[in-house]
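A.B. asks: Before anything else, here's the structure in question.
The values are calculated or read from the model by the stated rules, or taken from the named source; none is laboratory data. Note that the structure is predicted; figures quoted are calculated from it, not measured. Because the Cβ atoms are built from the backbone with ideal geometry, glycine has one as well, and the counts that use them run over all protein chains shown. Side chains are part of the model used for accessible areas, which takes the heavy atoms of the whole protein and leaves out ligands, DNA and RNA. Shrake-Rupley method; radii C 1.70, N 1.55, O 1.52, S 1.80 Å.
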Amino acid sequence: MKNAVKVLQIAFTYIGTVVGAGFATGQEILQFFTRYGKWGVLTILLSTVLFVWLGTKMMLLARDIKAASYEDLNRRLFGERIGRALSLFTLIVLIGVNSVMLAGAGSVFMEHLGLHYQTGLWITLIFTYLLLGRGINGVLQLNSIVVPMMLILSLAIISNTAGTPGATRFLTMETDSALIAAWTAPLMYAAFNLSMAQAVLVPIGSHTESRRVIVLGGVLGGLGVGFMLMAGHFALSAYMPGIVQYEIPMGSIAQQLGTTIQLIYVLLIFMEIFSTFVADVYGVTLQLQQRIKVPPMLISVTILFICYITSQFGFSSLLSVLYPVFGLFSLLWALMLGLYRQKETPRG
């Protein structure tokens, strides 16, 4: 029973880390899968295989090498010097992404709940600080609440879409995009999200004694991500091409399910931002702890302060430069992880 709970916690945290704000709004699914029409189903299946395989392999490797943070993993994959440099680059991108997520949390409070933007930021920061004090258990427990709610909402959206005239469009929809672009998109999507998720998946693997628990959690987590991708693609395809005009495509679909569902959806967008934000700050704290010998909570507070300051000015211009570079690095990183010959190291 204890192992079953641990498996579910790992699976839910895996899903919650990958499923961030871009996923929740529907923009990521639209850009990486739905725009490619009928190929979206097959490319989502490819992404799911990569999430199951590489996500599980990452956690197992972290366990075997007793990784303190994702920097240890990168040093194992790329060597000491390159691994440290790539970890520093990942750190900068993570802080940038977290700043944008924090700004997104403030916007949710302002646009949907009628509260001040700064109020949203401070609520997010305070609760993040409180959860970080619980360590990896806080991250696991948060996702164990948020992800089941996300899965239930996905089922509700599938049920509603099944009754619409465009329900089968995901199987027949044509696209003007090149076939190579359609098949490159899932590789980029999986690689990018896995390289971002290493900040939390590595410490999870390192803190889990049982290989079987890691494997089951990784498989369930990867399948869960695939299920939510497919649910989103199914719903968005039914409303193509008109749905592309909305900034929050999934929000317009949730609106059709009634006011209560729409309010729950808005709450879930915030919770998804929040859960990913907490997990990333935790992972970055562990990585910096290896470089700076100060108390971890002081590091966390400093990261939160940096995110707060940058969320005031916006980070989009810098990320527009960093994202493509990080995307190419992610493909290389995923390739190195996939090719790495792993030897089981007995523990305990």
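A.B. asks: Stretch GLN141-PHE313 to full length: gain in nm at 0.36 nm per residue minus the Cα-Cα span?
C.D. replies: Length gained, GLN141 through PHE313: 58.7 nm.
A.B. asks: Another question, if that's okay. Ignoring ligands, DNA and RNA, please state the percent of accessible area on the chain from carbon and sulfur, probe 1.4 Å.
C.D. replies: C and S atoms contribute 68 percent here.
A.B. asks: Further question on the same structure: So, for segment 63-114, what is the accessible surface per residue at a probe of 1.4 Å, expressed in square angstrom?
C.D. replies: The answer is 39 Å² per residue.
A.B. asks: If you wrap the chain's Cα atoms in a convex hull and average its projection over all directions, what's the area in nm²? Don't jump to the answer; show the numbers that get you there.
C.D. replies: On the way: hull surface 69.7 nm².
Computed as one quarter of the Cα hull surface, the answer is 17.4 nm².
A.B. asks: Then there is this: In the chain, with Lys and Arg counted as +1 and Asp and Glu as -1 at Cβ, which of these residues, ILE158, VAL93, TYR308, has the Cα nearest the positive end of the dipole, that is, farthest along it?
C.D. replies: VAL93
A.B. asks: Is the C-alpha gyration tensor of segment 218-275 telling us rounded, prolate or oblate? Criteria: a/c under 1.5 is rounded; beyond that, a/b larger than b/c is prolate, otherwise oblate.
C.D. replies: oblate
A.B. asks: Please return the longest stretch of the chain lacking exposed loop sites, where GluC sites (Glu not before Pro) count only if DSSP places them in a loop and at most 12 other Cβ atoms lie within 10 Å.
C.D. replies: Longest run free of exposed loop sites: 1-173.
A.B. asks: While we're looking at this one, here's another question. So if the hydrodynamic radius of segment 178-219 is defined as the Kirkwood radius over C-alpha pairs, what does Stokes-Einstein give as its diffusion coefficient at 37 °C and 0.692 mPa s, in µm² per second?
C.D. replies: The calculation lands on 273 µm²/s.
A.B. asks: In deg cm²/dmol and to the nearest 500, what is the mean residue ellipticity at 222 nm of the chain if only DSSP H runs of at least 4 residues count, each as -39500 (n - 2.57), divided by the residue total?
C.D. replies: Numbers: 15 runs with 278 residues, N = 348.
Taking each H run of at least 4 residues, the total per residue is -27000 deg cm²/dmol.
A.B. asks: Would you calculate the separation in nanometres between label points at GLN245 and LEU257, each defined as 7 Å from the Cα along the Cα-to-beta-carbon direction?
C.D. replies: 2.4
A.B. asks: Would you please give the FRET efficiency between ILE292 and HIS207, computed as 1/(1 + (r/R0)^6) with r the Cβ-Cβ distance and R0 = 25 Å, to the nearest 0.05?
C.D. replies: 0.70
A.B. asks: Once segment 1-150 is represented by equal point scatterers at the alpha-carbon sites, with solvent omitted, what log10 I(q)/I(0) does the Debye formula produce at q = 0.09, 0.16, 0.19, 0.20 Å⁻¹?
C.D. replies: Values, matching the q order: -0.39, -1.24, -1.47, -1.49.
A.B. asks: Please report how many Lys pairs in the chain have alpha carbons closer than 29 angstrom, counting only residues at least 8 apart along the chain or sitting on separate chains.
C.D. replies: Going through the chain pair by pair, I get 10.
A.B. asks: Using only the heavy atoms of the protein chains and a 1.4 Å probe, how would LYS66, LYS6, LYS293, LYS38 rank by accessible area, largest first?
C.D. replies: LYS293, LYS66, LYS38, LYS6
A.B. asks: Short version: ³J(HN,Hα) in whole Hz for each residue of segment 210-218, in order, from phi by Karplus 6.51 cos²θ - 1.76 cosθ + 1.60 (θ = phi - 60°), x for Gly and Pro, what are they?
C.D. replies: Working through the residues one at a time gives 7, 5, 4, 4, 4, 4, 5, x, x Hz.
A.B. asks: Gaussian network model of the chain, Cα springs within a sub-10 Å range: biggest mean-square fluctuation belongs to which of THR56, THR124, THR164?
C.D. replies: THR164
A.B. asks: On to the next question. What is the distance in Å between the Cα centres of segment 186-205 and segment 147-182?
C.D. replies: Cα centroid to Cα centroid, the span is 24 Å.
A.B. asks: Taking N as the number of residues in segment 1-62, what value does Rg over Cα atoms divided by 2.2 N^0.38 Å take?
C.D. replies: Details: Rg = 14.1 Å, N = 62, 2.2 N^0.38 = 10.6 Å.
Here the Cα radius of gyration is 1.34 times the empirical estimate.
A.B. asks: Right, next: How far, in nm, would the chain grow between ARG81 and LEU130 when pulled straight, counting 0.36 nm per residue and subtracting the alpha carbon separation?
C.D. replies: The ARG81-LEU130 span can extend by a further 14.1 nm.
A.B. asks: Please label the shape of segment 141-275 as rounded, prolate or oblate, based on the square roots a ≥ b ≥ c of the eigenvalues of the alpha-carbon gyration tensor (a/c under 1.5 means rounded; beyond that, a/b larger than b/c means prolate, else oblate).
C.D. replies: Oblate is the answer for segment 141-275, as a/c is 1.5 or above yet b/c matches or exceeds a/b.
A.B. asks: Of the options PRO241, ILE44, ALA231, report the single residue whose Cα projects farthest towards the positive end of the charge dipole of the chain (beta-carbon charges: Lys, Arg +1; Asp, Glu -1).
C.D. replies: ILE44
A.B. asks: As I understand it, the dipole of the chain uses +1 on the Cβ of Lys and Arg and -1 on the Cβ of Asp and Glu, about the Cα centre. Which of TYR340, GLY106, GLY222 lies farthest toward its positive end?
C.D. replies: TYR340
A.B. asks: Then there is this: About its Cα centre, how strong a charge dipole does the chain have in debye, to the nearest 20, once Lys and Arg get +1 and Asp and Glu get -1 at the Cβ?
C.D. replies: 1160
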